[in-house]
Amino acid sequence: MSFPNVDYLAVLVCGVVIFLLGGVWYSKLLFARPWIALMGKTEEEMKASSGSVPLLFLGAFVCGLVSAYVLAALLNHHQPVTVARGAKLGAVCWLGFTAAPTFATALFSSIPKRLWAINVCYDLVSYVLAGMILAYWHW
C-alpha cells in the first residue's frame, strides 16, 4: 500500500528518533529500574529472556517506522500542515489507537498501572515528536 505525498526520508528520521527515544526512555537514566521491577523481573532475568537483542532492536525500529509512515499519511489529510497540527494529530492518534486500547487490556490483564503509564507515556512522546517532525518536514 502506498500513500501519496509521504516523504520517506522524514519517515526514516522519525523512525530513528522514536528508536533513540526508546533507548533513553527505557535506560537507567529514566525508567529502566521501575519498568524492570514492575515487570516482576530482575535485570539479569530480563537479559536472559530477551533472546536475540539485534532482532529485538530491529523489530522496535520497524515498529517506529510503521507508526511514522501511517502518521505521515494521516497528516496529509489535515491541511494546512503545521507543527502544532502535527503534534495534535500525534496526540489524538495516541489517545485513540494506543492509550485507550492498551488501558482496557491493562484493566483485564492486571498489568500494574505504573507499568502501563511508563509504556504509554513513551508512546505519547513518540507520536507527538513524530507528528511535529513530519509536519515540519512537510513545509
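Restricting attention to the range 47-57, which residues are of a type in the set (A, V, I, L, M, F, W, C) and within 20 Å of Leu20 (Cα to Cα)?
Those that are of a type in the set (A, V, I, L, M, F, W, C) and within 20 Å of Leu20 (Cα to Cα): Val53, Leu55, Leu56, Phe57.
Given the residues Cys93, Cys121, which is the only one that is open to solvent by 40 Å² or more (accessible area, probe 1.4 Å), touching a helix residue (DSSP H, G or I) at 6+ places or on another chain (Cβ under 9 Å) and not charged (D, E, K, R)?
Working: Cys93 fails: open to solvent by 40 Å² or more (accessible area, probe 1.4 Å).
Only one candidate qualifies: Cys121.
Taking Ala68, is it under 16 Å from the mean Cα position of the chain (by Cα), modelled with pLDDT of 95 or more and of a type outside the set (Val, Ile, Thr)? Please lay out each step first, then the result.
Values: under 16 Å from the mean Cα position of the chain (by Cα): yes; modelled with pLDDT of 95 or more: yes; of a type outside the set (Val, Ile, Thr): yes.
So Ala68 passes the test.
Which of the following residues is aromatic (Phe, Trp, Tyr) and surrounded by 15 or more Cβ atoms within 10 Å (Cβ to Cβ): Trp139, Trp116?
Of the residues listed, the single one that is aromatic (Phe, Trp, Tyr) and surrounded by 15 or more Cβ atoms within 10 Å (Cβ to Cβ) is Trp116.
If the requirement is being closer than 18 Å to Tyr122 by Cβ, out of contact with any helix residue (DSSP H, G or I) (no Cβ under 7 Å at 6 or more places or on another chain) and modelled with pLDDT of 85 or more, which of these qualifies: Leu38, Leu30, Leu56?
When all the criteria are applied, what remains is Leu56.
Scan the range 17-57 for residues that are under 29 Å from Leu71 (Cα atoms) and either aromatic (Phe, Trp, Tyr) or in contact (Cβ under 8 Å) with a residue 24 or more places away in the chain (or both) and report the count.
10
Restricting to the range 58-81, give me the number of residues that are surrounded by 11 or more Cβ atoms within 10 Å (Cβ to Cβ), without any contact (Cβ under 8 Å) to a residue 24 or more places away in the chain and either touching a strand residue (DSSP E or B) at 6+ places or on another chain (Cβ under 6 Å) or outside any helix (DSSP H, G or I) (or both).
Number satisfying all stated conditions: 1.
Considering only the range 24-49, state which residues are over 20 Å from the mean Cα position of the chain (by Cα) and not hydroxyl-bearing (Ser, Thr, Tyr).
Ala37, Gly40, Lys41, Glu43, Glu44, Glu45, Met46, Lys47, Ala48, listed by residue number.
Here are Thr98, Thr42: which of them is polar (S, T, N, Q) and surrounded by 12 or more Cβ atoms within 10 Å (Cβ to Cβ)?
Answer to the selection: Thr98.
Scan the range 94-110 for residues that are out of contact with any Phe, Trp or Tyr (no Cβ under 7 Å at 6 or more places or on another chain) and without any contact (Cβ under 8 Å) to a residue 12 or more places away in the chain and jot them down.
Leu95, Gly96, Phe97, Ala100, Pro101, Ala104, Thr105, Leu107, Phe108, Ser109, Ser110
The values are calculated or read from the model by the stated rules, or taken from the named source; none is laboratory data. Bear in mind that the values here come from a model prediction, so they are computed numbers and not experimental data. No Cβ is skipped: glycine too gets one built from the backbone with ideal geometry, and neighbour counts run over all protein chains shown. Accessible surface is based on the protein model in full, side chains and every heavy atom, while ligands, DNA and RNA are left aside. Shrake-Rupley method; radii C 1.70, N 1.55, O 1.52, S 1.80 Å.
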